[in-house]
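S.K.: Below are the structure tokens for one structure; questions will follow.
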Amino acid sequence: MTYDCIIAGLGPAGSSAAYYLARKGLSVLALDREKFPRHKPCGGCVSSKTERFLDADFKSVVDKTVNGAVFSFKGKGKIEFRDDSSPVGYMVSRKEFDAYLVKKAKGAGAKVVEGERVLKVEETEDSVRVSSSKDEYTGRYLIGADGVNSIVAKELGLAKDRKFFLTIDADVKVRYPEELSDLAEIDIGAIPYGYGWVFPKNGYLSVGVASVKTGKNNSPINLKEHFAEFIKKRPFLKDASIKKVCAFRLPTQIGANAPDIVGRNTILAGDAAGLVDPLVGEGIYYAIMSGHLAGETIYKALNNISELSDYKDKIDKELISEFRLAWKAANIIYHLPRFWFGVIKTNKKIVEFYYKVLRGDETYSSFVKKLKTLIPFSLLPRSVRG
């Protein structure tokens, strides 16, 4: 059998694509090396703009609705910004959230095969052949949604220019003040060139730090050391039992050229394509959005309405251009974390403006312009003065 589309990976990007294509009546095969539900290291914060790509019942797997954040600088001077007008995001367990998305894809009619790893991919003139740990499959098109270590990308020589930054996190079972249960904590400067977070969940917290750069002279940043310091500065975590700490990479695209995420008959989506926000490391929205767009592109290609290159053009226009600006914002903020914490403390409007970005009402273009009005130009690193 030749499928209309084979999808490698059943995270948010793959499940989103499978759901879209199956609802259009196409034959879809989706493979994943894991069996769901499965543990997935991730902060699990879904920005509210993601709602436009999800069915209303996704809230059945939401742990907490987020109405704002508590900001601090290296654990000190905490200041709270709550906005009850509408949510800025939702906290989820990736174990439950991803299983929900897989169930939706199955319910729409996609053939889902779990516990089967993709090993090899070949493109022919008008099809793709996928070899797995158990079988071989043929499809008209292929979507590589198999994450940061994408086999599809490696096999086809795609997404070579992704930039990676590092993060470490853990799930911690501990009591958390009820009055803060709808707020994320963001600690600017908890790690060089990055931030730390505390995200409230049901009965536990997701705690971590992430850095977008290396240390001085390109030396590695000691994630574990900064994570331990981050924990130590929070009294409510002092006696917490942390059984498992996970370190992982986050990929992003910030180059000057359009990303190489499309092959002859293949599209990359989500982390495989490097679609992670370089300011805050958000990937779930971009995974779901790109999966939806990948499915839409393939549906149109099968009906001779568009070509796969249209996906690349749209991703570059709608996402990569925003990532370049988000990278500028990251350089502006993380270059001078103490200064920016002071700006946040005295300028509620900049926080409210970023909430609009999370809701999809504003863009990074307007956000970066706003940042530049609040700081002397000469203090900015040269890389972000343009």
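S.K.: Under 19 Å between alpha carbons, and skipping anything fewer than 8 positions from Lys163 in its own chain: which lysines qualify?
M.R.: Output for Lys163: Lys154, Lys213, Lys216, Lys312, Lys317, Lys328.
S.K.: In a solvent-free Debye calculation with one equal scatterer on each Cα, what is log10 I(q)/I(0) for the chain at q = 0.11, 0.13 Å⁻¹, listed in the order of the q values?
M.R.: Rounded to two decimals, the profile gives -0.77, -1.06.
S.K.: Okay, which of the stretch 233-266 sit inside 16 Å, backbone N to the point 7 Å along the Cα-Cβ direction of Lys224?
M.R.: Under cut-off, by backbone N: 242-248.
S.K.: At 0.36 nm per residue, and after removing the present C-alpha to C-alpha distance, how many nm does the segment from Ser181 to Ser85 gain when stretched out fully?
M.R.: Working: separation 96, 0.36 × 96 = 34.56 nm, distance 1.68 nm.
Separation in residues times 0.36 nm, less the Cα-Cα distance, equals 32.9 nm.
S.K.: Another question about this same structure. Determine the order of Trp197, Trp327 by accessible area, beginning with the largest, at a probe radius of 1.4 Å.
M.R.: Numbers: Trp197 15, Trp327 45 Å².
Descending order: Trp327, Trp197.
S.K.: May I ask you to list the aspartates and glutamates whose Cα is less than 19 Å away from that of Lys370, ignoring any residue fewer than eight positions away on the same chain?
M.R.: Reachable aspartates and glutamates: Asp277, Glu322, Glu352, Asp361, Glu362.
S.K.: Report His335's accessible area, 1.4 Å probe, all protein chains in place, as a number in Å² to the nearest 10.
M.R.: 90
S.K.: Under 5 Å between amide H atoms, partner at least 5 residues away or on a different chain: which partners does Lys201 have, H built in plane at 1.01 Å?
M.R.: Ser206
S.K.: For the stretch 51-90 and the stretch 224-246, what is the centre-to-centre distance using only Cα atoms, to the nearest Å?
M.R.: The stretch 51-90 and the stretch 224-246 have Cα centres spaced 22 Å from each other.
S.K.: Considering the chain as a Gaussian network with a 10 Å cut-off on Cα pairs, which listed residue, Gly270, Gly75, Gly157, attains the greatest mean-square fluctuation?
M.R.: Judging by the Gaussian network model, the answer is Gly157.
S.K.: Largest first, how would Cys246, Cys5 line up by accessible area (1.4 Å probe)? Walk me through the intermediate numbers first.
M.R.: On the way: Cys246 20, Cys5 0 Å².
Listed by decreasing accessible area, they come as Cys246, Cys5.
S.K.: Something else: Kindly work out what percent of the DSSP beta bridges joining two residues of the chain are antiparallel, to the nearest 5.
M.R.: On the way: 48 of 71 bridges.
Around 70 percent antiparallel, to the nearest 5.
S.K.: Assigning unit charges at the beta carbon (Lys, Arg +1; Asp, Glu -1) and nothing else, what dipole magnitude in debye, to the nearest 20, does the chain show about its Cα centre?
M.R.: Its charge dipole is roughly 1360 debye.
S.K.: Moving on. Write out the trypsin sites (Lys or Arg not before Pro) in the stretch 35-85 meeting two conditions: DSSP loop, and at most 13 other Cβ atoms within 10 Å of their Cβ.
M.R.: Sparse-neighbourhood loop trypsin sites (Lys or Arg not before Pro): Lys35.
S.K.: In straight Cα distance, which aspartates and glutamates are under 14 Å from Lys76, not counting same-chain residues fewer than 8 positions off?
M.R.: Glu185, Asp187, Glu229
S.K.: Per-residue HN-Hα couplings for the stretch 300-312, Karplus 6.51 cos²θ - 1.76 cosθ + 1.60 at θ = phi - 60°, whole Hz, x for Gly and Pro?
M.R.: Once θ is set to phi - 60°, the couplings for the stretch 300-312 become 5, 5, 5, 9, 6, 9, 8, 10, 4, 4, 4, 5, 4 Hz.
S.K.: Further question: Please give the contour-minus-distance gain from Thr363 to Asp310: 0.36 nm per residue of separation, less the Cα-Cα distance, rounded to one decimal in nm.
M.R.: 16.9 nm
S.K.: How far is helix 348-359 tilted off the main Cα axis of the chain, in degrees rounded to 10, range 0 to 90?
M.R.: On a 0 to 90 degree scale, this one is about 10.
S.K.: Multiply the residue separation of Lys154 and Asp57 by 0.36 nm, subtract the distance between their alpha-carbon atoms, and state the gained length in nm to one decimal.
M.R.: On the way: separation 97, 0.36 × 97 = 34.92 nm, distance 3.57 nm.
In short, 31.4 nm is gained.
S.K.: On to the next question. Keeping all protein chains in the complex and leaving out DNA, RNA and ligands, what accessible area do you get for Leu166 with a 1.4 Å probe, in Å² to the nearest 10?
M.R.: Here the residue's solvent-accessible area equals roughly 80 Å².
S.K.: Something else about it: According to the Cα gyration tensor, what semi-axes, each the square root of 5 times an eigenvalue, does the equivalent ellipsoid of the stretch 157-237 have, listed from largest to smallest in whole Å? Present the calculation step by step, with values, prior to reporting the outcome.
M.R.: Numbers: eigenvalues 148, 47, 20 Å².
After diagonalising the Cα gyration tensor, the semi-axes are 27, 15, 10 Å.
S.K.: Ranked from the most accessible area to the least, with a 1.4 Å probe and all protein chains present, what is the order of Ile231, Ile332, Ile242? Mind showing how you got there, number by number?
M.R.: Numbers: Ile231 20, Ile332 0, Ile242 55 Å².
Heavy-atom accessible area, descending, gives Ile242, Ile231, Ile332.
The values are calculated or read from the model by the stated rules, or taken from the named source; none is laboratory data. From a predicted model like this one, the values you see are computed outputs, not experimental measurements. Neighbour counts are summed over all protein chains in view; Cβ atoms, including those assigned to glycine, are modelled from backbone coordinates with ideal geometry. The area values use the complete protein model at the heavy-atom level, side chains included, leaving out ligands, DNA and RNA. Shrake-Rupley method; radii C 1.70, N 1.55, O 1.52, S 1.80 Å.
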